Amino acid sequence: MNEHVVGLPDEQATIQLGSRLADVLVEGLVVYLSGDLGAGKTCLVRGMLQGLGHNGPVKSPTYTLVEDYVLGDSLIYHFDLYRLLDPEELELIGIRDYFNGKACCFVEWPERGKGWLPAPDIEIHIRLKNEGREASLTGLSETGAALVASLKRD
Amino acid sequence: MLVLGIETSCDETAVALYDSEQGLLGHRLYSQVALHAEYGGVVPELAARDHIRKLEPLIGDLMSSTGRKLADLDGIAYTVGPGLSGALLVGASLGRSLAWGLGIPAIGIHHMEGHLLAPMLEADKPDFPFLALLVSGGHTLLADVAGVGDYTILGESLDDAVGEAFDKAAKLLGLGYPGGPAISRAAETGTPGRFDFPRPMTDRPGLDFSYSGLKTFTLTTANNHDLDDQTIADIALAFQDAATDSLVIKCRRAIRKTGHRALVVAGGVGANQSLREKLAVLADEEGARVHFPRPEFCTDNGAMIAHVGCLRLQGGEHDALDVSVRPRWSLEDLRPPGQ
């Protein structure tokens, strides 16, 4: 089973999970992030970017739709499709230029881009649990499954 | 010098005509009304990205309503960053090519510089240097404006923008969109003191902001209570108080740190009545003045771009013939006109 469930009792744990993702990141990886408002999706991306050595702010891309980060040899795109009402709007912003097989793409609210987004390698769902959160990671491609398996072994 | 300004960095398609002698001659924002008909009453917010379709007729309307012809123009200014490259390219390509066709200079403008200098479009202008608080759905920024092209970012949001926090808190409480007015309305009947929300980032030094934690606090509070109308109002009030207090606290620190006597507020959140009242009290207490540009110049507009374009073209600046945009561009990289 390509699923891995991680308990996230506090924000630090979410950052930590992001940082572990940073360790296993490969070129062109597509990750979908789902979960309610305030679940900690952007927080997870922050942990991942910091794990790659990013020091500055990690702004929510809700308004800008996408923020990009160049870290060493890695190019990361952080999408937030929350404001999208019609998936076809992605075509208008040139979505195909971003998913180019080189850049790693993290997509929040991917369900709003249905039909216009490439399939994910990994799907991460964060839900509220007791006072904290719980994340489930599912590998959906060969690459994704291998990454999730390696996170599971740690 | 008569300058056409074009703004297409995000959702709005906007144009304006600014004259160095006569000031602003006219400005246009693409009307959502026409879109309503086309989309059968539902306007996808991001359909506004469809700048290509809207820009040319908008310029035509601006010229005819001001009684000017393209041949009267002395220069063209357009936003080249920061923003989405696809959106920016529409304004930049059209502006650059039109200027080439007319044989006049063209200049690419920084979107945020437009916002920072927007108060200069008003009759009651602040004197340099001043502090600028830019608060919108996409930005939360406190800047020291020493003069045209001389900006220092004193603080900014490390995560969510304050306007975004309002939108998301409203969503969590089941209130409408846009969140700012919805929260304010609900807060009117809120019980002061029932909930006490943390004031983000105020317990540590510095002028940066953070709104992600406040969103989470709102979520947790909403989940732990039955959301009857009174509770929603009480949470809305506590959220609004915390969100605006943290802005006011940072503004006070910035006034004391810089010694500047004028504070300019731009961006959609500047329309929040509670924030306005608190900033007025702050200004009074600190012996400073607070300026609010008129609402249509607080949000994205073409006038601010035409205005800065005119200042820079007059300073002898102009762009080469290639069309290029700068999706990532720091305000602090700017220099005074002509330097």
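Every number here is computed from the coordinates shown, using simple stated rules; none is lab data. Bear in mind that the values here come from a model prediction, so they are computed numbers and not experimental data. Note that we place each Cβ from the backbone using ideal geometry, even for glycine, and neighbour counts take in every protein chain shown.
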Distance between the stretch B:122-140 and the stretch A:1-65 - C-alpha centres, whole angstrom:
34
Calculated on alpha-carbon atoms, Rg and Dmax of the stretch A:1-115 in Å
13.8, 39
Could you give the semi-axes, largest first, of the ellipsoid that matches the stretch B:127-292, computed as the square roots of 5 times the alpha carbon gyration tensor eigenvalues and rounded to whole Å?
29, 15, 14
Using a Förster distance of 45 angstrom, determine the FRET efficiency expected from the C-beta separation of A:LYS102 and B:THR220, and round it to 0.05.
0.70
Kindly identify the stretch A:85-130 as rounded, prolate or oblate by the Cα gyration tensor criterion: order the square roots of the eigenvalues as a ≥ b ≥ c, call it rounded if a/c is under 1.5, otherwise compare a/b with b/c, prolate if a/b is larger, else oblate.
oblate
Give the separation of the Cα centroids, the stretch B:205-250 to the stretch B:71-99, in Å.
39
Kirkwood Rh for the stretch A:62-154 from C-alpha pairs, in Å, is 14.7
Just want the ordering: B:PHE166, A:PHE79, from fewest to most Cβ atoms lying within 10 Å of their own Cβ.
A:PHE79, B:PHE166
Beyond a 19 Å Cα-Cα separation, which of these cross-linked pairs lie in this structure: B:LYS171/B:LYS215; A:LYS41/B:LYS171; A:LYS41/B:LYS215; A:LYS41/B:LYS168; A:LYS59/A:LYS102; A:LYS129/B:LYS215?
A:LYS59/A:LYS102
With each pseudo-label sitting 7 Å past Cα toward Cβ, what's the A:LEU25-B:GLU277 distance in nm, one decimal?
4.6
Using the Karplus curve 6.51 cos²θ - 1.76 cosθ + 1.60 with θ = phi - 60°, work out ³J(HN,Hα) for each residue of the stretch B:285-299 in order, rounded to whole Hz, and write x for Gly and Pro.
5, 9, x, 10, 10, 10, 10, 10, x, 4, x, 5, 9, 6, 8
Within the stretch B:86-123, what residues put their amide N at less than 16 Å from the label point 7 Å along the Cα-to-Cβ vector of B:ALA71?
B:101-104
What number does the stretch B:63-192 give for Rg over Rh if you use C-alpha atoms and the Kirkwood radius?
1.08
Cα-centre dipole for the stretch B:127-292 with unit charges at Cβ (Lys and Arg positive, Asp and Glu negative), debye to 20:
300
Just grab the label-to-label distance for A:GLU3 and B:LEU227, each label 7 Å out from Cα along the Cβ direction, in nm (one decimal).
2.7
Calculate one ³J(HN,Hα) per residue across the stretch B:143-148 by plugging θ = phi - 60° into the Karplus curve 6.51 cos²θ - 1.76 cosθ + 1.60, and present them in order as whole Hz with x for glycine and proline.
10, 9, 9, 7, x, 4
Which one of B:SER246, B:PRO178, B:PHE130 has its Cα pushed farthest toward the positive end of the charge dipole of the stretch B:127-292, where Lys and Arg give +1 and Asp and Glu give -1 at the Cβ?
B:PHE130
Over all directions, the stretch B:206-339 yields a Cα convex hull whose mean projected area in nm² is 11.9
For chain A, the charge dipole (Cβ of Lys, Arg +1; Cβ of Asp, Glu -1; about the Cα centre) points to a positive end, and the Cα of A:PRO57, A:LEU44, A:VAL5 closest to that extreme belongs to A:VAL5
Computed on Cα atoms only, the convex hull of the stretch B:246-296 has an orientation-averaged projected area in nm² of 3.2
Ranked list, fewest to most other Cβ atoms within 10 Å of each Cβ, for B:ARG252, B:ARG185, A:ARG96
A:ARG96, B:ARG185, B:ARG252
Value of Rg to Rh for chain B (Rh from inverse mean 1/r over Cα pairs, i.e. Kirkwood):
0.99
Would you please calculate the Kirkwood hydrodynamic radius of the protein assembly as shown over all C-alpha pairs and express it in Å, rounded to one decimal?
23.7
Ranking B:PRO336, B:SER212, B:PRO198 by how far each Cα lies towards the positive end of the charge dipole of chain B (+1 on Lys and Arg Cβ, -1 on Asp and Glu Cβ), the top one is B:PRO336
I'd like the FRET efficiency for B:ASP196 and B:THR258, computed as 1/(1 + (r/R0)^6) with the beta carbon distance as r and R0 of 45 Å, rounded to 0.05.
0.90
Least to most buried among B:THR218, B:THR79, A:THR62, B:THR152 (fewest other Cβ within 10 Å first):
B:THR152, A:THR62, B:THR218, B:THR79
With label points set 7 Å from each Cα along the Cα-to-Cβ direction at B:SER64 and B:SER330, the distance between them in nm comes to 4.7
